[in-house]
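These notes concern the structure reproduced below.
The values are calculated or read from the model by the stated rules, or taken from the named source; none is laboratory data. The shown structure was predicted, so the numbers you read here are calculated from the model rather than taken from an experiment. Cβ placement follows ideal geometry from the backbone for every residue including glycine, while neighbour counts extend to all protein chains displayed.
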Amino acid sequence: MANRIAVALDALADPTRRAVFERVARGPAAVGAIAEQLPVSRPAVSQHLKVLKEAGLVTDSADGTRRIYRIDPRGLGALREWLDRFWVQALDDFKTFADQLPNEEDR
C-alpha cells in the first residue's frame, strides 16, 4: 500500500496533472472536454490521464469512440485513508496540548 500511495502522490505532484485530476473530480469527462478547459493539448491531457490511471486515481470507460474518465474511488479512498492517519494524530496531539493549558478557573 505504501508504494501505491507514493505513486499517487507523485502523480499529483505535477500542477497540470493536478488540474486534470480536479477537472475529472467535478464530473466524468472525455479528453477533449478536459483539454478545452486547460492550457494544454489533447495529447498532453491524454498523457496526464494515463499517469493518473496508472496511479489508481482515475478510471475510464468506453463511450463509442471516446473514453470517459472519472475519479476511481478505490484509489482516492486509499489516499484518504493514508492522510487520515495524520489527521487523527494531529487531533490527538492538539487534545493533549489543550488538556495541558491552564483552566480559566485556575487563573
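Summary table below
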| item | result |
| --- | --- |
| Total residues in the stretch 47-67, condition over 13 Å from the mean Cα position of the chain (by Cα), buried (at least 17 other Cβ atoms within 10 Å of the Cβ) and either basic (Lys, Arg) or over 18 Å from residue 5 (Cα atoms) (or both) | 1 |
| In the stretch 31-46, the residues that are surrounded by fewer than 18 Cβ atoms within 10 Å (Cβ to Cβ), more than 27 Å from residue 3 (Cα to Cα) and of a type outside the set (Asp, Glu) | 32, 33, 37, 38, 39, 40, 41, 42, 43 |
| Yes/no for residue 55 being small (Gly, Ala, Ser), within 16 Å of residue 14 (Cα to Cα) and touching a residue at least 24 places away in the same chain (Cβ under 8 Å) | yes |
| Unique match (being part of a loop (DSSP other than H, G, I, E, B) and either among the small types (Gly, Ala, Ser) or at pLDDT below 95 (or both)) among 32, 27, 75 | 27 |
| Neighbours by Cβ (under 7 Å, 6+ apart or cross-chain): first from the stretch 15-35, over 14 Å from residue 48 (Cα atoms); second surrounded by fewer than 16 Cβ atoms within 10 Å (Cβ to Cβ) | 28/70 |
| Selected residue [touching a residue at least 60 places away in the same chain (Cβ under 8 Å) and either assigned to a loop (DSSP other than H, G, I, E, B) or surrounded by 10 or more Cβ atoms within 10 Å (Cβ to Cβ) (or both)] from 82, 87 | 82 |
| Flag if residue 40 is of a type in the set (Val, Ile, Thr), over 18 Å from residue 59 (Cβ atoms) and in contact (Cβ under 8 Å) with a residue 12 or more places away in the chain | yes |
| Which numbered condition residue 3 fails, given (1) more than 13 Å from the chain's Cα centre (by Cα); (2) farther than 20 Å from residue 83 by Cβ | (2) |
| Selected residue [touching a helix residue (DSSP H, G or I) at 6+ places or on another chain (Cβ under 7 Å) and not in a loop (DSSP other than H, G, I, E, B)] from 52, 38 | 52 |
